[in-house]
Amino acid sequence: MKTGRFWAWVVFGLGAAYFFIPLIATVEFSMRMRRGVYSFDAYQIVLGDPRFQATFGYSVLAALFTIILGVLIVVPAAYWIRLRLPQLRPIVEFITLLPLVIPAIVIVFGYIRMYGSNSPLPFLASDRGTDLLLVIGYATLALPYMYRAVDTGLRTIDVRTLTEAAQILGAGWGTIVTRVILPNVLIAVLSGAFLTFAIVIGEFTMASLLNRPAFGPYLQNIGANRAYEPAALAIIAFAITWGCMSLIQILSRFAPKSANRPN
Amino acid sequence: MTDLSLSDQTIAGKTAPPSEARALRLPTQWLGVAPFFIFAIMFLILPTLYLMLGAFQNNDGEFTLENIAALAQPSIVAAYWISIKVSLASALIGAFAGLAIAIAIVRGGLPNWIRSATLTFSGVASNFAGVPLAFAFLATLGRLGLATVLLNTVFGLNIYAHGFNILSFWGLTLTYIYFQIPLMVVIITPAIDGLKKEWGEAAATLGATTTQYWRMVVIPVIWPSFLGTVILLFANAFGAIATAYALTGSSLNIVPILLYAQIRGDVLHNPHLGYAIAFGMIVITGLANVFYIWFRTRSERWLK
């Protein structure tokens with residue numbers, strides 16, 4: 001067991017080195033902008049860049065709409081499948097896995113060819129339509145994560161009893177979903193939402209091919225033209241990802257562990 | 001009990017003869033899942049089918065296999081080949097390294113906080129991909145990167161003089177591993193947790209050595225989920241474009257970058273050839289996932 005522990009430390013040390021050296025190097029590089037001394041100039045320039053603010057704001061907005069769209073699609077479907085249509089579960093699970101099979105670039109290629117200006121549904125004819133198509137594309141990317149998060153949340157509550165109780169009290173379907181089911185799976189939904197945010201905020205492929213002024217294409221553009229700013233942006237992006245994952249972990253502490261009556 | 005509970009209703013609906021009762025219920029039954037299915041069909045299935053059908057059509061809409069045959073031209077074959085090599089190398093290295101780390105934190109007798117810290121970090125790093133990851137590796141192993149400079153000044157080793165280049169097969173593979181290893185750790189740790197303590201005790205009671213225990217118990221049990229995860233990592237790397245594009249521009253011609261250039265500017269001068277490239281990508285990741293699901297169901301027998 002002694003040698004086992006020794007090797008465990010070696011493996012852990014090597015792993016830690018591989019993962020921390022790039023982070024340290026990036027921090028160091030991002031502070032090298034002023035000759036001879038470390039400074040936060042690169043961060044100041046990046047954060048003060050109006051294009052940073054505009055594209056970051058655009059992507060935050062896109063992420064929020066993606067989350068809303070994802071919740072609207074996933075929550076009723078997952079709820080209804082648990083309650084009434086369990087026979088559809090394999091089909092729905094298969095569909096939610098498809099975005100992991102079909103690369104994002106292929107999905108967006110399909111959109112460009114199917115929803116062009118001359119098609120029956122010309123999403124790409126206007127800027128607003130393209131924005132909507134981008135949000136839709138992001139929602140498909142987030143679908144596997146959102147569905148799994150919500151389904152896990154539903155597993156921990158007693159969907160059937162809650163629904164029956166609400167019905168006895170005279171609630172309609174809209175009331176049941178929005179005021180009974182949703183609050184009970186809110187933590188799961190929020191976990192899915194933060195993961196969606198982390199995926200969407202720096203997404204490059206779809207935004208770039210749909211020509212939207214999002215954060216991902218901006219990052220790529222800065223990377224191609226600047227030296228020190230990209231490193232600062234990488235650290236900012238890492239911090240955002242870290243923030244999202246920490247929030248998910250904090251939230252999971254508040255989540256109910258199991259239902260009183262498994263269904 | 002005049003009011004049947006919901007569960008009884010569905011059972012009643014199933015056992016009762018399919019008369020008007022079911023016909024009346026059908027529309028509302030489907031209402032809850034309708035948005036999901038409409039969304040999935042319109043924005044996931046139809047666009048993909050459209051491309052797949054387009055791969056078998058010429059410009060006049062007639063059926064042809066020419067587009068698929070045209071994939072055999074050297075530049076496209078080379079793109080597929082380098083994509084497969086990078087994906088496979090990063091999946092295998094990522095999988096073995098991830099497995100080693102997972103075993104170390106679960107079984108290695110390390111302090112408890114290391115396990116939770118590693119899992120948290122893996123959650124973050126597996127999602128830290130795309131353009132920022134490329135920046136981080138340029139700052140580390142680029143010509144002026146910290147690791148490059150330190151290796152040169154401290155150890156006198158100029159890796160660029162020895163043929164290393166971040167804009168190459170190994171550069172890209174080394175970068176992809178940064179999200180492949182954590183993904184492996186996140187997926188495989190539950191499988192290693194699933195190794196029951198009783199199995200080790202049973203093996204020891206029967207007189208097995210540690211090596212025998214690993215060779216005849218541990219490896220056979222985690223093998224399917226290990227192989228399945230390798231395939232998932234492969235598909236994960238195969239479809240990725242942002243990291244490679246930000247890292248190498250278009251100097252490393254992997255399939256997603258070729259398709260990206262084709263979508264932007266029809267560089268292949270045949271729109272249907274673009275469909276064929278997309279079709280080829282779906283076939284490869286699709287096959288990979290079929291294997292993944294197959295291995296997954298095999299491994300779940302043990303880990304329940």
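The residue of region B:185-234 that is nearest to B:Ile293 (Cα to Cα), among those that are outside any helix (DSSP H, G or I) and either of a type in the set (Gly, Ala, Ser) or without any contact (Cβ under 8 Å) to a residue 12 or more places away in the chain (or both), is B:Gly194.
Tell me, please, whether a residue that is at positive phi, in a loop (DSSP other than H, G, I, E, B) and either surrounded by fewer than 24 Cβ atoms within 10 Å (Cβ to Cβ) or of a type in the set (Val, Ile, Thr) (or both) can be found in region B:270-290. No: zero hits. Are any residues in region A:200-223 more than 7 Å from every other protein chain (Cβ to nearest Cβ) and either within 21 Å of A:Ile24 (Cβ to Cβ) or in a helix (DSSP H, G or I) (or both), and if so, which ones? Within region A:200-223, A:Val200, A:Ile201, A:Met206, A:Ala207, A:Ser208, A:Phe215, A:Pro217, A:Tyr218, A:Asn221, A:Ile222 meet the criteria. In region B:38-60, the residues that are within 11 Å of chain A (Cβ to nearest Cβ) never reach a residue that is surrounded by fewer than 13 Cβ atoms within 10 Å (Cβ to Cβ) and at pLDDT 95 or above with C-beta atoms less than 6 angstrom apart, at least six apart or across chains.
Each row is one residue, and each column tells you yes or no for (1) under 23 Å from the mean Cα position of the chain (by Cα); (2) crowded, with 23+ Cβ neighbours inside 10 Å; (3) modelled with pLDDT under 85.
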| position | (1), (2), (3) |
| --- | --- |
| B:Gly163 | no, no, yes |
| B:Ile181 | yes, yes, no |
| B:Lys196 | no, no, yes |
| B:Gly200 | no, no, yes |
| B:Ala203 | no, no, no |
| B:Leu206 | no, no, no |
| B:Trp214 | no, no, yes |
| B:Phe234 | yes, yes, no |
| B:Val255 | yes, yes, no |
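Here region B:245-289 is the region considered, the condition is being free of Cβ contacts under 8 Å to residues at least 40 places away in the same chain, among the aliphatic types (A, V, I, L, M) and within 9 Å of chain A (Cβ to nearest Cβ), and the residue that is nearest to B:Gln73 (Cα to Cα) is B:Leu259. Against the test of being closer than 24 Å to B:Ala237 by Cβ and either touching a residue at least 60 places away in the same chain (Cβ under 8 Å) or not basic (Lys, Arg) (or both), the options B:Ala161, B:Ala117, B:Ala102 yield a single qualifying residue, B:Ala102.
Could you tell me whether A:Ala149 is more than 7 Å from chain B (Cβ to nearest Cβ) and under 22 Å from the mean Cα position of the chain (by Cα)? Criteria met by A:Ala149. A single entry from A:Arg155, A:Arg179 fulfils the requirement of being more than 11 Å from every other protein chain (Cβ to nearest Cβ), out of contact with any Ser or Thr (no Cβ under 6 Å at 6 or more places or on another chain) and under 17 Å from A:Phe254 (Cα atoms): A:Arg155. Any chance region A:30-52 includes a residue that's without any contact (Cβ under 8 Å) to a residue 24 or more places away in the chain, at the interface with another protein chain (Cβ under 8 Å from one of its Cβ atoms), under 30 Å from B:Gly94 (Cβ atoms) and surrounded by 14 or more Cβ atoms within 10 Å (Cβ to Cβ)? No, that holds for no residue. Residues in region B:198-239 that are in contact with a Phe, Trp or Tyr (Cβ under 7 Å, 6 or more places away or on another chain) and of a type in the set (A, V, I, L, M, F, W, C): 7 in all. No other residue among B:Ala70, B:Ala104, B:Ala79 is surrounded by 17 or more Cβ atoms within 10 Å (Cβ to Cβ) and out of contact with any Gly (no Cβ under 9 Å at 6 or more places or on another chain) apart from B:Ala79. Taking the criterion of being among the small types (Gly, Ala, Ser), in a loop (DSSP other than H, G, I, E, B) and within 8 Å of another protein chain (Cβ to nearest Cβ), the residues of region B:97-134 that qualify are B:Gly108, B:Gly109, B:Gly130.
Could you list all residues from region A:103-140 that are assigned to a loop (DSSP other than H, G, I, E, B) and under 17 Å from the mean Cα position of the chain (by Cα)? Residue satisfying the conditions is A:Pro103 alone. Would you confirm whether or not region A:168-175 contains a residue that is in a helix (DSSP H, G or I), modelled with pLDDT of 90 or more and surrounded by fewer than 19 Cβ atoms within 10 Å (Cβ to Cβ)? Yes, there is a match, as at least one residue in region A:168-175 is in a helix (DSSP H, G or I), modelled with pLDDT of 90 or more and surrounded by fewer than 19 Cβ atoms within 10 Å (Cβ to Cβ). Here is a check on your reading of the model: is A:Leu132 surrounded by fewer than 22 Cβ atoms within 10 Å (Cβ to Cβ), in contact with a Gly (Cβ under 7 Å, 6 or more places away or on another chain) and hydrophobic (A, V, I, L, M, F, W, C)? So A:Leu132 does not fit the description; no. Filtered by the rule that a residue be free of Cβ contacts under 8 Å to residues at least 40 places away in the same chain and within 22 Å of the chain's Cα centre (by Cα), region A:167-183 gives a lone residue, A:Pro183. Kindly indicate whether any position in region B:150-168 is part of a helix (DSSP H, G or I) and within 12 Å of another protein chain (Cβ to nearest Cβ). Yes, region B:150-168 has at least one match.
In region B:198-218 there is no residue that is under 22 Å from A:Ile222 (Cα atoms) and among the aromatic types (Phe, Trp, Tyr). With respect to A:Ile222, determine if the residue is aliphatic (A, V, I, L, M), out of contact with any Lys or Arg (no Cβ under 9 Å at 6 or more places or on another chain) and crowded, with 18+ Cβ neighbours inside 10 Å. In short, no. Would it be correct to say that A:Phe12 is of a type in the set (Phe, Trp, Tyr) and at the interface with another protein chain (Cβ under 7 Å from one of its Cβ atoms)? When the stated conditions are applied, A:Phe12 passes them. Number of residues in region B:56-76 that are over 18 Å from B:Thr285 (Cβ atoms) and either hydrophobic (A, V, I, L, M, F, W, C) or in a helix (DSSP H, G or I) (or both) equals 10.
The values are calculated or read from the model by the stated rules, or taken from the named source; none is laboratory data. This one's a predicted model, so the numbers in the text were calculated from it and none came from an experiment. Glycine gets a Cβ as well: all are built from the backbone with ideal geometry, and neighbour counts include every protein chain shown.
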